Amino acid sequence: MHSLACVHMETSGGGTAPHHFVCPISLQPMQDPVTAPTGISYDRRAIERWLADGHATCPVSGRPLALADLTPNHTLRRLILSWDPAAPSSDHDDPGLDAIVAKVMSPGSFPGEDVLREAAAAAALSGAARLCMVRAGMLRRVLRLFASCGKKSSRAVAMPTLEACLALVDALDVSADDTRPLVHENLDLVNALTHVLVALENGNCSGGNVATRVSAVRLLDSVTEAADAALLDRLRPELFRVVTAVLRDRTVPPRATRAALRALINACGSGKNRALIAEAGAAHEAIELELASWPSSPGGSSRRVTELVMALLARLCACAEGRAAVAAHPAGIAVVAKRVLRVSAAADACAVRVLASVCGRAASPEVVREMARVGAVGKLCCVLQADCDPDVKETARVVLRMHSGVWCGSPCVSAYLLSRYL
């Protein structure tokens, strides 16, 4: 596989790309570069396809690699977007593409559904077309149309156009950093997304429901990441209900599930939202998702889902409704305890926070006993022995001290461990 490092620099349009713009797998300029821990960058679609085919190593270096190890390289992406090859570029030598861009960007009126779908198909088929559309400012134009069509006065006739807008936004595949300035404090955009997701949940959309839901949830992820506290406070309860339903839907692809988890985590920045998200059943569905997605040998995709699930549960457990939801799930405490020291340092920190919140001073005697029964107490003792973050260790130590009187007398807990580490 080391031969992949010797890439060809000729692009499909005839120009010569700098070698660091070229994906070692596809041998084409990267559209969405991500960087592995080895320092080697790949196009996201190419490396995700490589890992999905069952490979578990970096194609160039041969070192172990998982999906969760990849980091978006926004600086490289901007450099690629601003790069103009010396030779004539295929971005501008296609009259059909120029006509599509002109129709979408026409200042006189908003484009129709057919035009939007034609643009989405062109962007999905050609990286050069996608770059041309992004440079023309098409994303801003389409998001403005989407927000306008989502207003109550036009929703009855706008649903096909809303779906077409989402398809084009998804095909443009713009990074969150580039999307952020366009969605910041855009309540109309949030309301349009809420309308689409509610309509999908109620079965009121046309064909392509799964694709539309994926696109809507991914855009919501970007919106909630960019939103300030004032906008987050204006999110409606029905939005949390339909995003929670995405976690329950096993037909959506993993990227939509991860986007839904991130959107809920972002929304938890508002204290009011934490209670609403817990009431929508997000804690229960996150635990069910973790039970369903974790294989016998955890891989990169499951690892990332676990990190997001633990992060969401940790946020929700900051409110009484969230703590009650985790404690009420028959496998809630057991699942969280099982993931400690098995996934990553980030998952450990969140999982220990969840256990500390659920088993705090206000915990019921039954919850305290369940902590011992399912092995959570033993895991907290293991945290004290492991090479963990000092703050994580201190959180575990506080919980163990708090209930040591009960747990020392339990047949499920080693009194020796408690006495040794406390």
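The values are calculated or read from the model by the stated rules, or taken from the named source; none is laboratory data. It should be emphasised that the depicted structure is a prediction, and the values quoted were computed from it without experimental measurement. We place every Cβ from the backbone using ideal geometry, glycine too, and count neighbours over all the protein chains shown. Surface accessibility is based on the protein's heavy atoms, side chains included, excluding ligands, DNA and RNA. Shrake-Rupley method; radii C 1.70, N 1.55, O 1.52, S 1.80 Å.
Structure summary
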read-out	value
Aspartates and glutamates whose Cα lies under 14 Å from that of residue 151, excluding same-chain neighbours fewer than 8 positions away	188
For region 253-371: rounded, prolate or oblate by the Cα gyration tensor [a/c cutoff 1.5]	oblate
Accessible area (Å², per residue) of region 183-322, counting only protein heavy atoms and a probe of 1.4 Å	35 Å²
Förster radius 60 Å - calculated FRET efficiency between residue 320 and residue 106 (Cβ-Cβ, nearest 0.05)	0.65
Under 21 Å from the Cα of residue 379 - lysines, other chains or at least 8 residues apart	338, 393
Sulfur and carbon atoms: percent of accessible area, the chain [1.4 Å]	54 percent
For region 363-371, Karplus couplings with θ = phi - 60° (6.51, -1.76, 1.60), whole Hz, Gly/Pro x	5, 6, x, 5, 5, 4, 5, 5, 4
Simple label model, 7 Å out from Cα along Cβ direction - residue 19 to residue 250, nm	4.8 nm
Cβ-placed point charges (K, R +1; D, E -1), dipole of the chain about Cα centre in debye, nearest 20	1360 debye
Given (i) 39.7; (ii) 28.0; (iii) 22.1, the label whose value is mean projected area of the Cα convex hull in nm² derived from this model	(iii)
Calculated from backbone phi, Karplus (6.51, -1.76, 1.60) coupling profile of region 343-349 in Hz, x at Gly/Pro	10, 6, 4, 5, 5, 4, 4
Using a Förster distance of 25 Å, the FRET efficiency for residue 364-residue 394 (Cβ separation, nearest 0.05)	0.55
Value of relative contact order over the chain, rounded to a whole percent, pairs C-alpha under 8 Å and six or more apart	9 percent
Whole-Hz ³J(HN,Hα) from phi, Karplus 6.51 cos²θ - 1.76 cosθ + 1.60, for region 52-58, glycine and proline x	5, 6, x, 6, 10, 10, 5
Helical contribution to [θ] at 222 nm, DSSP H n ≥ 4, -39,500 (n - 2.57), averaged over the chain, rounded to 500	-19000 deg cm²/dmol
Cut-off 15 Å, label 7 Å out along Cα→Cβ of residue 57, residues of region 24-41 by amide N	38
